[in-house]
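Please read the structure below before turning to the comments.
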Amino acid sequence: MKTYLIRRVLVLIPLLLAISLLSFFIMQLSPGNYLDQLRLNPDISSDLINRLESEYGLNQNIFHQYLHWLWQLLHGNLGESFSYRIPVTEVIGSRIANTFILSLAAMIIAWGLAIPLGIYSATHRYSITDNFLSSFAFIGLSIPNFFFALILLFLIVKYSLPLPVSGMTDIMHDFMSPTEQLLDILRHLLVPAVVLGTASTASLMRQMRGQMLDVINSDYIRTARAKGLKERTIIYHHALRNALNPMITLFGYQLSSLLSGAALTETVTGWPGLGKMMLTAVRGKDIYLAMAGMMMGSFMLVIGNLISDLLLALNDPRIKYD
Amino acid sequence: MKKRIFIYLILFMLIFATLAAAQNISLQDPWYSKKEQGKYGGTLISTLTGDPKTFNILIAKETSSTDVLAGYIFEGLLTRNGVTTELEPELAKEWSISEDGKVYTLKLRRGVQWSDGVEFTADDVIFTFDLISDQQIPTSSRDVMLIDAEFPEYKKLDKYTVQFKLAKSFAPFLNNLTAPILPKHKLYSIWQAGDFNKVWGINTEPAEIVGTGPFKLKEYKPGERIIMVKNNLYWRKDPAGKTLPYLENWVRIIADNQETKSLLFEKGQTHFLAVRGIDYKRFASKADQNDFTLVNAGPNFGTDFLIFNLNPRNPKLKEQPWKLEWFNNIHFRKAIAYAFDKQTMISQAMAGQGTPQWSPVSSPNKVYLNQDVKKYPFNLEKARQELKAAKFYWDDSGKLYDQNDRRVEFNILTYAENNTIISLMNIIASDLRNLGMKINASPIEFNKLVSKLDNEWDFDTIIIGLTGGVEPHSGSNVWPSNGHLHMWNPRQKNPATEWEARIDELFRLGAAATSIKQRQKYYDEFQEIIAEKLPVIYTVVPNSIYAVRNNLKNTDITAYGGVIWNIYELYLED
């Protein structure tokens, strides 16, 4: 196990390097750079733009820029954002917790709903509830998040519900007691978390249902039934553990989204997360900020994969890493 | 013994110095509001598009940063009145210009204090201009100050007087005195250490940011809101002589999305909202029952226009040299101008809430707009006559050819990020197709569009927008033929046409003239030339519409100043 872990971690290094190389070059390949927005400002002379270009190192060739970035990264320096003029870590640092809270809440909602509903659907196949849940899943899959969020917000305003329509905290947040502060954040969390959560509930539920159906129809379940085991034991002890394996792999992938943010939902609900800022950074070509975001996402993805592999070993005694 | 005396002496001097410093700085030149007496207190809540990127106003380049700071936390020596758009004294009490237009003398208001209680003096002004002229600081304020590549001389005459000496008479300089003044006592040592470009980023402790404006920064929550509180040391007074502003707090919720802003306003959380044309009817029907008023402040400062590529350096001309011939033909350009259906643009792209634009000066510019330039009302018959005059002809199926039997076909590009401008493009393209032209209209990515305009020069026509201001000389990168934003043919060594040469001269004359009357004459002629020669054809300008709660009083809403330009005298009724 230990050697396996070490080997996996060692493989991550070239992998992350390759990812960084690719993202850096793809971003640079698309036309223009950060200064383009300034070029169209009548008040800014070309002198100033040239000055900024050399200050930001944008006039050097791409390989040089990449190596410079990498060298700084190895020294623990993620660089400075062009637009904020402060270290990238500080720009990200102010928002990372918010993104984490939202993604975690969404994940809890998604998995908390999807697993039991999926099992229920599978064990009550073609019942009215199963059909209802399937239709619900398809609707959930087809409504775009931002639109769903707008509908919810519209309903809140239309029926004057006592829920906020934007942001993460109330204006009076700083004058509240800790309990009130927590409740305040939860109130604000409701809409974005429900929107993000239900979006993945739909697909996860379908996955769970399919996996369960596969397992339930297999021979050893029939054997177990023939042995006269209780239905509960069959479902939860034998079937579920086997059906769960692919879900664990999915879970690993989902971990990567914990820190990558959800730009559109964040924009509509005013949640101060990373997604919106990263989108602006990528579109505005604030390279180092965008790179930091992408590397964080990739890192979470590979780590998530590793975690899911380890979880698989825990769940399934047949899997051993030696 | 000697030593002891010496210590006493030092002590005495110290006490004296502290006493002198603690001496009450009394405001000797206040300004009095002429609006009705308001009520003190209350929290104004509004929205802000996008997060500020920095609180360092000198290096801030985005409106999302300057919207937070300019006029509210930092102030200039002069400012523009939100209604008349004329220059008025702000931190300066008065100014005078010498006969030859070269020497500007400004008397500062005495006793104005920075929000931390230190007195504002000529030293702060000199310090600010030291910063602006520092080559190491990337600020756009420097470029506009340069006169023939030279920075004006500036000096302090006494504690409350500063003087600027220009190399030659240059009227736009007065507009530059609206540059925000920064506190020397806070920033001097940082600047000396070479760290000015890093100071006052968004991670700064709010109390560190000190200005003279009506508000102080209290808290910034990235992605959520900015909270500002009243500056109790502000120099503007209410009619009764008490310190303004009336408002105790000002919360600005960061909302990037127009739908969210509308919902916040409808839920009663914000006090005013900039309404899009397409939402006008919905809000108009709700105004009475929800206790707010819709104010139409007329066209805003933005300008959207179509540019012809008149650049002989266009790399595509090797294959298609005839395109430049068409575009260079004034009849062809006029034909296209007559095919701009501005009424349809207003009704379809702006839901009826727009104004046609004819002149290169922004429509709400009350000082310099020339109303009498040549106009090209929509008329396809006239467009056809112009095309005939240029020897174009139509075949039986109505397709348009030039005199050398080439089918008239060209591209229109615009940027994909703006829905309104895409609608404008489609309306224009469809009318040009009615004239028998083959038009390929496509939206592309903004960065790509900029590189085409800036250095690739391989487009046919582009529809793009620029924001305008009051001072026409701020267009000196756009209109004179050597400008890098002279988009139809940038950075010319010598003006390609006589009329471009005349515009170059008019900009020189307009800058050198001292009286506004004289300047207006030059800029009027410039507007006539552009409207006559049509290197760019203007489209329509959306109107600024604001929904304002009825309990927000003393407002004077205009397209230039918006709702909050005079925030210091606004107040909230219960």
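Based solely on its DSSP helices, what 222 nm [θ] is calculated for chain A when runs of n ≥ 4 H residues each add -39,500 (n - 2.57) and the sum is averaged over all residues, nearest 500 deg cm²/dmol? Show your work: numbers first, answer last.
Numbers: 13 runs with 230 residues, N = 322.
Mean residue ellipticity, 222 nm, calculated: -24000 deg cm²/dmol.
So what does A:Ile101 come to for accessible area, using a 1.4 Å probe and Å² rounded to 10?
About 60 Å², ignoring ligands and nucleic acids.
Which of the listed residues, B:Ser64, B:Tyr338, B:Gln135, is farthest toward the dipole's positive end in chain B, when Lys, Arg count +1 and Asp, Glu count -1 at the beta-carbon?
Checked the options; the winner is B:Gln135.
Show me, for the stretch B:106-111, the HN-Hα J-couplings you get by feeding each phi into the Karplus relation (A = 6.51, B = -1.76, C = 1.60, θ = phi - 60°), rounded to Hz, glycine and proline as x.
Result, ordered by residue: 10, 8, 8, 5, 7, x Hz.
The stretch A:221-280 to the stretch A:300-322: how many Å between their Cα centroids?
Value for the Cα centre distance between the two parts: 15 Å.
Counting only other chains, what is the mean number of Cβ atoms within 10 angstrom of the Cβ of each residue in peptide B:259-269?
Mean shielding count: 6.
Scan chain B and note any complete DSSP helix (H) whose C-alpha atoms cover at least 18 Å along its axis and whose Kyte-Doolittle average is 0.5 or more.
Passing helices, by number: B:2-22, B:419-434.
Of all trypsin sites (Lys or Arg not before Pro) in the stretch B:343-389, which ones are in loop regions per DSSP and have a Cβ with at most 14 other Cβ atoms within 10 Å?
B:Lys366, B:Lys375
Can you compute the FRET efficiency between A:Phe100 and B:Glu445 using 1/(1 + (r/R0)^6), with r the Cβ-Cβ distance and R0 = 25 Å? Round to the nearest 0.05.
So, using R0 = 25 Å, E works out to roughly 0.20.
Based on the Cβ-Cβ distance from B:Asp130 to B:Thr204, what FRET efficiency comes out when R0 is 22 Å, to the nearest 0.05?
E between B:Asp130 and B:Thr204, to the nearest 0.05, is 0.55.
Along the charge dipole of the stretch A:2-93, Cβ charges K/R +1 and D/E -1, which of A:Leu38, A:Pro87, A:Phe25 sits furthest on the positive end?
My answer, from the dipole projection, is A:Phe25.
Kirkwood Rh, the stretch A:134-247, all Cα pairs: how many Å?
Hydrodynamic radius (Kirkwood, Cα pairs) of the stretch A:134-247 is 17.5 Å.
Take peptide B:449-456, look around each residue's Cβ out to 10 angstrom, count Cβ atoms belonging to other protein chains, and average those counts.
Neighbouring Cβ atoms belonging to other protein chains average 4 per residue here.
How big, on average over all directions, is the shadow cast by the Cα convex hull of the protein assembly as shown, in nm²?
That works out to 51.2 nm², a quarter of the Cα hull's surface.
Per DSSP helix of 4 or more residues, -39500 (n - 2.57); summed, then divided by the residues of chain B. What does that give at 222 nm, rounded to the nearest 500?
It lands at -8000 deg cm²/dmol.
Return the tail of the calculated pair distribution for the stretch B:303-542, meaning the percent of Cα-Cα pairs more than 27 Å apart.
Every Cα pair in the stretch B:303-542 considered, those over 27 Å come to 33 percent.
Could you work out how far apart the two model spin labels at B:Gln28 and A:Asn217 are, taking each label as a point 7 Å from the Cα in the direction of the beta carbon, and quote it in nm?
Calculated label separation equals 9.5 nm.
Expressed as an acute angle from 0 to 90° and rounded to the nearest 10, what is the orientation of the C-alpha long axis of helix A:62-74 relative to the principal long axis of chain A?
70 degrees
Can you give the relative contact order of chain A as a percent, counting alpha carbon pairs under 8 Å and 6+ residues apart?
Taking the mean separation of contacting Cα pairs over the length of chain A, I get 26 percent.
Compute the projected area of the convex hull of the Cα atoms of chain B, averaged over all viewing directions, and report it in nm² to one decimal place. Mind dumping the intermediate values first?
Details: hull surface 123.7 nm².
Averaged projected hull area, Cα only: 30.9 nm².
From the cross-link list B:Lys156/B:Lys366; A:Lys158/B:Lys553; B:Lys342/B:Lys382; B:Lys448/B:Lys493, which pairs have alpha carbons spaced over 22 Å apart?
B:Lys156/B:Lys366; A:Lys158/B:Lys553; B:Lys448/B:Lys493
Which angle from 0 to 90°, rounded to the nearest 10, does the C-alpha axis of helix A:178-216 make with the longest principal axis of chain A?
With both axes taken from Cα atoms, the answer is about 50 degrees.
Straight-line reach from B:Lys168: which lysines have Cα under 18 Å away, leaving out those fewer than 8 places along the same chain?
B:Lys102, B:Lys155
With a cut-off of 8 Å between alpha carbons and a minimum separation of six or more residues, what is the relative contact order of chain B in percent? Kindly include the intermediate steps, with their values, before the conclusion.
Values: 1128 pairs, mean separation 110.5, N = 574.
About 19 percent, as a whole number.
Averaged over its residues, how many other protein chain Cβ atoms are within 10 Å of peptide A:34-40's Cβ atoms?
For this peptide, the per-residue mean of nearby foreign Cβ atoms is 6.
Considering only B:Ile444, B:Ser397, B:Gly468, whose Cα is most displaced toward the positive end of the charge dipole of the stretch B:375-479, charges sitting on Cβ of Lys, Arg (+1) and Asp, Glu (-1)?
Ranked along the dipole, the leading option is B:Ser397.
Please identify, among A:Met291, A:Met27, A:Met176, the residue showing maximal mean-square fluctuation in a Gaussian network model of chain A using a 10 angstrom Cα cutoff.
Largest GNM mean-square fluctuation: A:Met176.
Over the stretch B:243-327, how many pairs of lysines fall under 20 Å by alpha carbon, counting only those 8 or more apart in sequence or from different chains?
4
Reachable aspartates and glutamates from B:Lys517, Cα under 18 Å, same-chain residues fewer than 8 places away excluded?
B:Glu86, B:Glu88, B:Glu99, B:Asp100, B:Asp372, B:Glu471, B:Glu505, B:Glu525, B:Glu528
For the stretch B:385-467, what D do you get in µm² per second when you plug the Kirkwood radius from alpha-carbon pairs into Stokes-Einstein at 37 °C and 0.692 mPa s?
Approximately 235 µm²/s, per Stokes-Einstein.
The values are calculated or read from the model by the stated rules, or taken from the named source; none is laboratory data. As the structure is a computational prediction, the values presented were derived from the model and not from experiment. All Cβ positions, even for glycine, are placed from backbone atoms using ideal geometry, and neighbour counts span all protein chains on display. Only protein heavy atoms, including side chains, enter the accessible area calculation; ligands, DNA and RNA are left aside. Shrake-Rupley method; radii C 1.70, N 1.55, O 1.52, S 1.80 Å.
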